[in-house]
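The values are calculated or read from the model by the stated rules, or taken from the named source; none is laboratory data. Because the structure is a prediction, the values reported are computed rather than measured. Neighbour counts run over all protein chains shown; Cβ positions are idealised from the backbone, glycine included. Side chains are part of the model used for accessible areas, which takes the heavy atoms of the whole protein and leaves out ligands, DNA and RNA. Shrake-Rupley method; radii C 1.70, N 1.55, O 1.52, S 1.80 Å.
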Amino acid sequence: MSALFSPVRIGGLDLGNRIVVSPMCQYSAVEGIAQPWHLIHVGSLMQSGAALVIMEATGVEADGRGTHGCLGLHNDDQEQALADLVSNARRYSSAAIGIQLQHAGRKASTRTIADRWKGEPLPPEEGAWKPWGPSPLAYMDGWPEPIAMTERDMDRVRTAFTEAAVRADRAGFDLVEIHGAHGYLLHNFLSPMSNLRTDAWGGPLENRMRFPLDVVRAVREVWPRGKALGYRMNSTDWHPEGLSLDDAVILATELERIGVDYVVMSAGNIAPGIRIPPATPGHQVAFATRIRRETGLKAMAVGMICVATLAEEIIDSGAADMVAIGRAMLDNPRWAIHAAAELGVDLTYAPQLVRVRPNNWTGFKIVHPEATVEQTERQRDRPPASSWDRPSVEQPSEGST
């Protein structure tokens, strides 16, 4: 039995395995509205074999988008486009589908990946807007100084998160993940490296947590208990003056009290120029392990989890409850199907993909030499009389009659 392909329950959501597709920005929206590319992207990943696909970071207000190409969920057109996407994707997959809600904070108003060679911050002539943050401290030299938020601004953003969650529910998503990491707004409030306030929203960790926790609490009130609610958080800022893993445990404990179902343990990106350890396979798994041991939250591990054996080891050892995989899924949109074959798990394929099952295609073992070719009659694509290229049918020896 494979631990990676064992079922798991998060909140009110039952998943058939422990593999999650991480949110990955596509920079392809128009005015925040999902385009045909998003259906191609998400639809393909919903055929990956993963039990859960989470859509990219989606702005809860126009100013909360990172780029002009980022998704939004703050008007009716955006909601309808996502509802159509969810409905169409579900026609061909039983995978659960979630969405990540975020406000980019002081890292908003940047160019998309394709144009960042010109410089990341948007210039005025390309439609730049003013970013927001807890303090008027730019991300780095050459970036715009954010507007220091007042309590009225915080109320506006808190409401934007709740309204986006309501829209996500109506659109049919199974899960909402709140983005509180990577130097975006909620992380800006949490980290002493970006929150220099001296009022009730800054200073000690208890104060710096107030706004992120208020946002989560408000979303929890409107998001159905029969679905799942998660939070992506920084385990560390990799800087002695920043957040530590001990701080993350305190935050996770508060999130659990509010009713969050799971956390994703990421790290870094609060400021440039910080020396961080090299990115190696599974380099952030230990963060999820600490949370899993010290709270009752489900813990999702990230960090260069690229191969099936590592993912299996993480789950089997109890290091995390789930693994979230990003770039490896972009590289191979059938990652989980191939992982199953390597681990000896006989998954059900979509009808359109049956002909590439290990028991239907002799080429499978050539392309995937690490895989176990299943000797099974499950989802056979042809009757035995037409089995000349099936790996499970013994072929006559050369020269035999």
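Once the range 261-313 is narrowed to residues that are among the polar types (S, T, N, Q) and over 13 Å from Ala248 (Cβ atoms), the residue that is surrounded by the most Cβ atoms within 10 Å (Cβ to Cβ) is Asn269. Listed by first and then second residue, the pairs linking a residue in the range 339-368 that is under 19 Å from Ala328 (Cβ atoms) to a residue that is aromatic (Phe, Trp, Tyr) and open to solvent by 70 Å² or more (accessible area, probe 1.4 Å), with Cβ atoms under 9 Å apart and 6 or more places separating them unless they lie on different chains, are Val367/Trp361.
Identify all residues within the range 312-349 that are small (Gly, Ala, Ser) and not in a loop (DSSP other than H, G, I, E, B); write none if there are none. Matches in the range 312-349: Ala324, Ala328, Ala336, Ala339, Ala340, Ala341.
Annotation note: Cβ proximity below 7 Å between a residue of the range 81-94 that is under 18 Å from Leu353 (Cβ atoms) and a residue that is among the β-branched types (Val, Ile, Thr) and in a helix (DSSP H, G or I) (sequence gap 6+ or interchain) occurs for Ala89/Val42. Residue pairs whose Cβ atoms lie under 7 Å apart, separated by 6 or more positions or on different chains, with the first residue in the range 266-288 and closer than 14 Å to Ala181 by Cα and the second in a helix (DSSP H, G or I) and open to solvent by less than 70 Å² (accessible area, probe 1.4 Å), are Ala267/Phe287; Ile270/His187; Phe287/Leu245. For the range 45-71, a residue qualifies if it is buried (at least 24 other Cβ atoms within 10 Å of the Cβ) and in a strand (DSSP E or B), and the qualifying residues are Leu52, Val53, Ile54, Met55, Ala57, Thr58, Gly59, Leu71. Apart from one condition, Ala50 fits all of (1) in contact with a strand residue (DSSP E or B) (Cβ under 6 Å, 6 or more places away or on another chain); (2) under 23 Å from Glu163 (Cβ atoms); the exception is (2). Residue pairs whose Cβ atoms lie under 6 Å apart, sitting 6 or more positions apart in sequence or on different chains, and linking a residue in the range 104-116 that is closer than 11 Å to His187 by Cα to a partner that is in a helix (DSSP H, G or I), are Ala104/Gly64; Gly105/Leu185; Gly105/Asn188; Arg106/Asn188. Going through (1) at pLDDT 95 or above; (2) open to solvent by less than 60 Å² (accessible area, probe 1.4 Å); (3) out of contact with any Phe, Trp or Tyr (no Cβ under 7 Å at 6 or more places or on another chain); (4) farther than 24 Å from Glu256 by Cα one by one, Gln100 falls short only on (4). In the set (1) modelled with pLDDT of 95 or more; (2) over 16 Å from Gly105 (Cβ atoms), the condition left unmet by Pro240 is number (1).
Among the residues making up the range 201-219, those that are touching a Phe, Trp or Tyr at 6+ places or on another chain (Cβ under 7 Å) and within 18 Å of Phe161 (Cα to Cα) are Arg210, Phe211, Pro212, Val215, Val216, Ala218, Val219.
In the set (1) in contact with a Pro (Cβ under 9 Å, 6 or more places away or on another chain); (2) part of a loop (DSSP other than H, G, I, E, B); (3) modelled with pLDDT under 95; (4) not aliphatic (A, V, I, L, M), the condition left unmet by Lys365 is number (2).
Residue-wise test of (1) touching a residue at least 24 places away in the same chain (Cβ under 8 Å); (2) touching a strand residue (DSSP E or B) at 6+ places or on another chain (Cβ under 6 Å); (3) acidic (Asp, Glu).
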| residue | (1), (2), (3) |
| --- | --- |
| Trp132 | yes, yes, no |
| Ser135 | yes, yes, no |
| Gly142 | no, no, no |
| Met149 | no, yes, no |
| Ala160 | yes, no, no |
| Asp169 | yes, no, yes |
| Gly183 | yes, no, no |
| Ser191 | yes, no, no |
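Residues that are over 17 Å from the mean Cα position of the chain (by Cα) and more than 29 Å from Ile315 (Cβ to Cβ) do not occur anywhere in the range 5-22. Taking the criterion of being part of a loop (DSSP other than H, G, I, E, B) and open to solvent by less than 20 Å² (accessible area, probe 1.4 Å), the residues of the range 13-32 that qualify are Asn17, Ser22, Ala29, Gly32.
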